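Scroll down for the structure; my scribbles are underneath it.
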Amino acid sequence: MGAGSLRTGEWRMNGHTRPLLSRVADAAYWMARYIERAENVARFIDVNLHLQMDLPGERANQWQPLIDASGDTADFEQRYGEATQRSVIKFMALDPANLNSMGSCLRAARENARSIRETISSAMWEQINRIYLDVQRTDVALPVPQWLPELLHEIRLGCHLFQGIADSTMSHNEAWHFVQLGRRLERADKISRILDVKYFMLLPSVNFVGTPYDDLHWSAVLKSVSGFEMYRKKYGRISPGNIVEFLVLDRDFPRAIRHCIRGADESLHSITETPIGTYRCPSEQLLGMLRAELDFTAVESVLGSGLHEYLDGLQVKMNAIGETLSGEFFAWRRQTRATAAVGES
C-alpha cells in the first residue's frame, strides 16, 4: 500500500502501519482548524468595530472587506445583498447557514472534539464545550452593540485558553501534531487572505495612501492578527513593506506565514518520522517546498512581483497541501461516503 492507504481504519506510511486512526487524525486536525477560524473571525469583527470609531466618515466601506477575506462573497451577496454592519455581523458571527461563521465553526469544532474524547484531555473537552455554550446562550435579538464586544472578547479568550490547555494537558504525540498542523495551516491561510484584501480593498481612495488614514488601516491589519505590539517593537513606524515582511516572512512571530509553515512542516515530519529536509510522501514534498520558498524569499522580490500575485500563489499552494493531506491521512471519509452510497443504491 502507498502513503495514506487504509488498513482496518489505520493509515500507512513508508510501508509501516501507524497506530493513529484516520478518523482520529481527521477530527483532531479539523477541530484545531475550526477553533482557529472562529478566533480569527472574532478578532476581525472586533478590530473592524474599533476602526469604525477612528474613521467615522468611512463606515459604509469597512464591512465588505471582511466578507471578501472570508472567501464567502458570493454566498453573502445572494442571501444578504449589501454589506452593512448588521448583515455582516449576523453572517459572520452567528449565522448557522454560513459554515464559516463563528458559531458554525465552534459547533463543528465541538463535534470533532466529541468524536475523539478518548484522545483529547477532559480539560480540552470542557473548554470547547464552554465556548460553544456561551455562543448558544447569546440573545441575537438584542441590539448588536450591547452584546457583541463582550461576546467577541470571551470567544477570543476562550479559544486562546483552549490552545493553551491543549498544549499543557495533551500528550505531544501524533494526535497533538495533527492539532498543530491544522492550527498552523489555518492561521497561515487567514493571514494571507486578510493581507491580500487590505492591499486591494481597504483603502477607499488612492488619495489616502501615505496619510494618517493609511496608517490607521495598516494598524488595523496588524491588530487583526494580534501583531501590532510585536511589529512596533521590531520596526517602530508603520511601513507597508515592513508589514508585509513581518506578516509573511518573519521567522519568530507566531502568526507570520513563514513561522506557521515551518511549524506545520515540523509537525508533519514528527507524524511521519521522516527526517527534516527529506520527504517520502507528496504532502511532505509540497510543504517542504513552500517552507524553503519562504526561507529564501526577500520582501523586495515579493513586492516587486506583485503582492496580490504572490499571496494568491501562496493560497493555491496551501490549498494543494490541504487536499494532499486529506488524501493521504483522512481518506476514510471518502471510503465511508462511497460505502454509504453503495448501500443506498
- Query: What does the highest-first list of 83-92, 31-40, 236-245, 99-108 look like by mean Cβ count within 10 Å?
  - Reply: 31-40, 99-108, 83-92, 236-245
- Query: By how many nm would the segment from residue 305 to residue 111 grow when fully extended, if each residue of separation counts as 0.36 nm and the alpha-carbon distance is taken off?
  - Reply: 65.6 nm
- Phi to ³J(HN,Hα) by Karplus 6.51 cos²θ - 1.76 cosθ + 1.60 over the stretch 223-238, Hz, x for Gly, Pro: 5, 5, 10, 6, x, 4, 5, 5, 5, 4, 5, 8, 10, x, 6, 6
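Could you sort 310, 279 by their accessible area in this structure, using a 1.4 Å probe and putting the largest first? Write down the numbers at each step before the final one.
Working: 310 30, 279 120 Å².
Listed by decreasing accessible area, they come as 279, 310.
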- Item | Contour minus Cα-Cα distance for residue 172 and residue 130 (0.36 nm per residue) | 12.8 nm
- The ³J(HN,Hα) series, computed from each phi in the stretch 111-126 with the Karplus coefficients 6.51, -1.76 and 1.60 at θ = phi - 60°, rounded to the nearest Hz and given as x for glycine or proline, is 5, 5, 5, 4, 6, 10, 4, 6, 9, 8, 7, 4, 5, 5, 4, 4
- Item | Proximal charge balance of residue 307 [Cβ under 14 Å; K/R count +1, D/E count -1] | -3
- Query: Distance in nm between label sites at residue 298 and residue 280, each 7 Å beyond Cα in the beta-carbon direction?
  - Reply: 3.8 nm
- Task: Return the Cα extents of the stretch 59-182 along principal axes one, two and three, sorted largest first, each rounded to a whole Å.
- Result: 47, 28, 22
- Using θ = phi - 60° and Karplus 6.51 cos²θ - 1.76 cosθ + 1.60, couplings along the stretch 279-293 (whole Hz; Gly, Pro as x): 8, 10, 8, x, 5, 5, 5, 5, 5, x, 5, 5, 4, 5, 4
- Message: Classify the stretch 22-121 from the C-alpha gyration tensor, please: rounded if a/c falls under 1.5, else prolate or oblate depending on whether a/b exceeds b/c.
- Response: prolate
- Hits among lysines - C-alpha to C-alpha of residue 198 under 17 Å, sequence gap 8 or more where chains match: 190, 223
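The values are calculated or read from the model by the stated rules, or taken from the named source; none is laboratory data. Remember, predicted model here, so these are calculated numbers, not experimental data. All Cβ positions, even for glycine, are placed from backbone atoms using ideal geometry, and neighbour counts span all protein chains on display. Please note that ligands, DNA and RNA were not included when accessible areas were found on the heavy atoms of the full protein model with its side chains. Shrake-Rupley method; radii C 1.70, N 1.55, O 1.52, S 1.80 Å.
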